[in-house]
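To start, the structure under review is shown below, and the notes come after it.
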Amino acid sequence: MKKYLSFVLALVLVLTSIAFTASADEIKDLRAYETIAREMETWCYHYSQAAVDLNVLSNFYDHLLTNDANGALVPCVAKEWSSPDGGQTWIFKLNEGVTWVDYQGNYKADCTAQDWVTGLEWVLNYGKNQAANTSMPIEMIKGAGDYYAYTKELGEEEAKKLGTEKFLEMVGLEAPDDYTLIYHCVDKLSYFPSVACYNCLAPLSAKLIEEIGVDGYFGADYTTMWYNGPYTCSEYIYQNEKVLSKNEAYWNKDNVKLFDTVTIKMVESVDVAFQWFSAGDLDYIDLNQANLSTIYNNEGNEFHGNLVEARPTKYSYQMHFCWDKKNEDGSADTNWNTAIANENFRLALYYGLDITDYLARTNFIHPLSCQNYCYTANAVSVNSEGKDYTQMVRDELGLQYDSEKFVRADAAKAAEYKAKAIEELTAAGVELPVKMTHYIMGSNQTAKDSADTLAQIISDCLGDDLVVLEIRTYVSKLNTEVRDPQLASIYINGWGADFADPVNFLGQETYGDDNAYYSKAYSKINNATDKKLIATYKEFTDMVNTAKAITDDLDARYAAFAKAEAFWIQHALTIPWSYEVTWKVTSINEYSKIYTAYGNQSERYVNWETNSDLYTTEDYEAFKAGK
């Protein structure tokens, strides 16, 4: 296959079009924010599968490839890539001069091809990484599944002792010299290079593991990890702030525009962030319903002329169910578990809830631009006719986009399913109304207002005789306080693609799979006992596996996945919820940022166009038009 030199040329054109000499209007020290409910859970880059971690960690690591502001793949550490056999073998040629530094910027080691070998061995070693991020390489790279199984059978302590010798015997990855990598795929996979933007194929220095040990890397913090990317973390105060500093040893610093520092302030809620922004202490603000309404409806407001609608994020939000919920004493919540296993109960929720008012919490002006029809996000995959994969799913479901109404809601169907659910659940001894427990951070007023809105929607749409929302709070960490002890009935979570294929989403929900993130961490489907529910899950899993096996015909692959996804939604195994299309007041041109529907490159603070003055509504209209 012809080398992707066009990408190199495109990158050169992009880079040379940027004026790297700072003007008086450019921001040199960016002031950002995040809510404390989204504090990082781990610093171990190869282990994390959560945006709260990856949005930060992606700034500390350079991958083989990255993306540009239009989502195209462009060179990063790999200066070129090619396939000599139509997509089954992929060769990456690396740049020289890439180095690892510590958090203070001190040189630690050269970054070479061997570091990608060490990184993939870590990911596939069950004893080191506990199955995290394994689904992509297992499905794509020869021998990856065999090596994962080998390490799992070996036992944790013995697996931790492994280097890369056995790995290289079993897995289709070669590093013939310091600056060449060769991946051998299971078949012709045209989308394989898109995986090179995600952390399952990130580099890891064996010298770091020698220095801090396997357990030390799994439990790393910002002071013990190494950095080969554009920034280091120079300061971190839990639930207070993170300071990212420009990596002065960064190999590509002469070709990209970086901030001197990026300070990420942790705040209790968007309302608190708005107070910081109004005081001049932040460079942008995402507006919630109340703040947006206040500014939008008052032409005299100081920010009225600066309202801009942001680009949609890559995340597709769903209402996820827990099939093995526990009470606070650790006993099974039989009432909820029985109810949610009932398909009529789930379909009453699916067809009954018109969540327009909930979407307005994110986008008061155009709430229906946030409505979601599918599990997979838009723009992840496109077939040979140019049809987006999600349109294929909508075709299967018979749902077409409508900007004037919430399409899924159907009062007649909801009433029918509700009546059946009440009859069946009563016969099963379920106490009605069913309590659907939803947890929010106690200090987050925005989350409370959204939860109250959802409770009212459920009451208005379905009455109070089938299900009621029970709102509870946690203190600081959802995963340890709620998810791990299995206390929540539902989660409203967003998921983004790791690479350009629908399996990113559907593969997280399969039955009996260690590598299915949502099945293992959230839904606990493998603990379920309801035979009908399990049978439905197994049928879905078979459909996903059938689609995964199609590697030589992408149109057929996408069509098979679309049928599996439609089956999933028709049985309301999750409920498609929303897209994140917010309004902002900002000094950042989002159309200059990396923008892609997959991977974890979108939050890298690289080549951002900024202005110390706020951009106007007209400015953003011009950015959107490409002017």
Take the Cα pairs of region 349-401, get the Kirkwood Rh, then feed it into Stokes-Einstein at 37 °C and 0.692 mPa s and tell me D in µm²/s.
262 µm²/s
Checked the chain against the a/c 1.5 cut and the a/b vs b/c comparison, axes a ≥ b ≥ c from its Cα gyration tensor; verdict oblate
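Of the accessible area of the chain, with the probe set at 1.4 angstrom, what percent is carbon plus sulfur?
Of all accessible area on the chain, carbon and sulfur atoms account for 47 percent.
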In nm, spacing of pseudo-spin labels at GLU41 and ILE365 (7 Å Cα→C-beta vector)
3.4 nm
From the Cα centre of region 461-491 to that of region 358-373, the distance in Å is 22 Å
Any chance you could look up the accessible area of HIS304 with a 1.4 Å probe, heavy atoms only, rounded to 10 Å²?
50 Å²
Shape call, region 498-627: gyration tensor on alpha carbons, a/c limit 1.5:
prolate
Which shape class applies to region 538-589: rounded if a/c is under 1.5, otherwise prolate when a/b exceeds b/c and oblate if not, where a ≥ b ≥ c are the square roots of the Cα gyration tensor eigenvalues?
oblate
Tell me, what is a quarter of the convex hull surface for the C-alpha atoms of region 30-115, in nm² with one decimal?
8.3 nm²
Under a crude label model (7 Å from the Cα following the beta-carbon direction), how far is GLU157 from THR223 in nanometres?
3.0 nm
Solvent-accessible area per residue, Å², over region 290-399 with all protein chains present [probe radius 1.4 Å]
37 Å²
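For an R0 of 45 angstrom, estimate the FRET efficiency from the Cβ-Cβ distance between GLU248 and ALA72 and round to the nearest 0.05.
0.95
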Considering only C-alpha atoms, what is the centroid distance from region 275-298 to region 115-191, in Å?
47 Å
Based on DSSP loop calls and a cut-off of at most 10 other Cβ atoms within 10 Å, the longest stretch of the chain free of exposed GluC sites (Glu not before Pro) is what?
1-247
Please give the calculated 222 nm ellipticity per residue for the chain, where each DSSP H segment of at least 4 residues contributes -39500 (n - 2.57) and the sum is spread over every residue; nearest 500 deg cm²/dmol?
-9500 deg cm²/dmol
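The values are calculated or read from the model by the stated rules, or taken from the named source; none is laboratory data. What you see is a predicted model, and the numbers here were worked out from it, not measured in a lab. As a convention, Cβ positions derive from the backbone with ideal geometry for all residues, glycine included, and neighbour counts pool all protein chains shown. These accessible areas exclude ligands, DNA and RNA; they are computed on the full protein's heavy atoms, side chains included. Shrake-Rupley method; radii C 1.70, N 1.55, O 1.52, S 1.80 Å.
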